[in-house]
Amino acid sequence: MPDPDDYDAGPFVPEAADLAALREAAAGCAGCPLFREATQTVFGSGTPTARLMLVGEQPGDQEDRQGEPFVGPAGGVLTRAIAEAGIDPAQTYVTNAVKHFKFERPAGGKRRIHKAPNLREISACKPWLTSELHVVAPEVVVALGATAGKSLLGSSFRVSQQRGVPLTLPSPDGDGDEATLVATIHPSAVLRAGDQARKDAYAGLVSDLKVAARLLR
């Protein structure tokens with residue numbers, strides 16, 4: 001059995017598998033230490049032949065409990081923004097760069113506080129995201145936040161510098177069609193903003209998603 005301290009989910013990823021088989025295999029992933037504290041693996045969800053894939057950071061508290069991506073407060077923001085951008089949700093696939101919830105508890109507290117995954121954890125989980133990209137083969141990929149962008153484009157990615165601009169995303173296996181990547185903020189950034197800033201942040205998210213929508217036409 002691979003050691004979680006090797007930080008590599010690769011040995012758990014089956015070859016030539018469809019999304020159902022990948023989801024089943026991911027449920028037993030122990031490719032990094034994050035699986036030890038999380039309730040369960042949260043794999044991607046949506047249309048297997050989606051033209052648009054949205055990639056977030058990692059599951060939140062509600063996602064960890066329910067086993068589905070973007071079902072918490074940030075998911076509500078994303079659902080509303082997708083609709084306002086004119087994107088058909090039936091043509092989307094939603095997933096995260098990291099499949100287990102990373103959190104910490106304040107001393108003596110029960111509440112689980114989100115903690116951002118580090119580059120080692122992002123890299124460890126990359127084989128799952130690569131497999132999803134290979135199977136779904138989307139035309140456009142939206143990176144929701146810095147973690148997703150770093151997973152897809154490398155550690156030098158900066159969402160503040162590259163958001164809203166169509167970028168080339170090479171094929172995950174090196175011999176397929178390239179996709180176009182559009183980066184934007186994570187929906188949770190909208191929730192964290194103050195009143196006026198929240199309105200502006202949400203408008204920016206919708207604007208970036210409209211860029212992705214235009215690429216699908």
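What to note about this one:
- One entry in [x] 0.98; [y] 0.95; [z] 1.10 is Rg/Rh (Cα atoms, Kirkwood Rh) calculated from the shown coordinates; its label is [y].
- On full extension, the segment bounded by ASP61 and THR49 gains 1.5 nm, given 0.36 nm per residue less the C-alpha separation.
- Once the Kirkwood radius over Cα pairs is known for the stretch 1-75, the Stokes-Einstein relation at 20 °C and 1.002 mPa s delivers a diffusion coefficient of 159 µm²/s.
- Taking label positions 7 Å along the Cα-Cβ direction at both SER156 and ARG80, the computed distance is 3.8 nm, reported to one decimal.
- Cβ-placed point charges (K, R +1; D, E -1), dipole of the chain about Cα centre in debye, nearest 20: 1020
- Hits among lysines - C-alpha to C-alpha of LYS126 under 29 Å, sequence gap 8 or more where chains match: LYS99, LYS102, LYS115, LYS150, LYS210
- Averaging the sequence gap over all C-alpha pairs within less than 8 Å and six or more residues apart, then dividing by the number of residues, gives the stretch 1-132 a relative contact order of 30 percent.
- Highest-first arrangement of 120-126, 166-172, where packing means the average Cβ count within 10 Å: 120-126, 166-172
- Summing charges over all other residues whose Cβ lies under 14 Å from the Cβ of MET53, with Lys and Arg as +1 and Asp and Glu as -1, gives -4.
- Value at 222 nm in deg cm²/dmol, rounded to 500, when DSSP H runs of n ≥ 4 in the chain each add -39,500 (n - 2.57): -11500 deg cm²/dmol
- When peptides 52-63, 190-201, 73-84, 103-114 are ranked by their average number of other Cβ atoms within 10 Å per residue, the highest-first order is 52-63, 73-84, 190-201, 103-114.
- The order of the peptides 11-19, 26-34 by mean Cβ neighbours within 10 Å, most packed first, is 26-34, 11-19.
- Of the trypsin sites (Lys or Arg not before Pro) in the stretch 135-170, those whose Cβ has at most 14 other Cβ within 10 Å and which sit in DSSP loop: ARG158
- Taking the charge dipole of the chain about its Cα centre, with +1 at Lys and Arg Cβ atoms and -1 at Asp and Glu Cβ atoms, the residue from HIS100, CYS29, ALA124 reaching farthest to the positive side is HIS100.
None of the figures in this text is laboratory data; all of them are computed from the coordinates on show. Note that the coordinates shown come from a computational prediction; the quantities given were computed from them, not determined experimentally. Cβ coordinates were reconstructed from backbone atoms using ideal geometry, including for glycine residues, and neighbour counts include every protein chain displayed.
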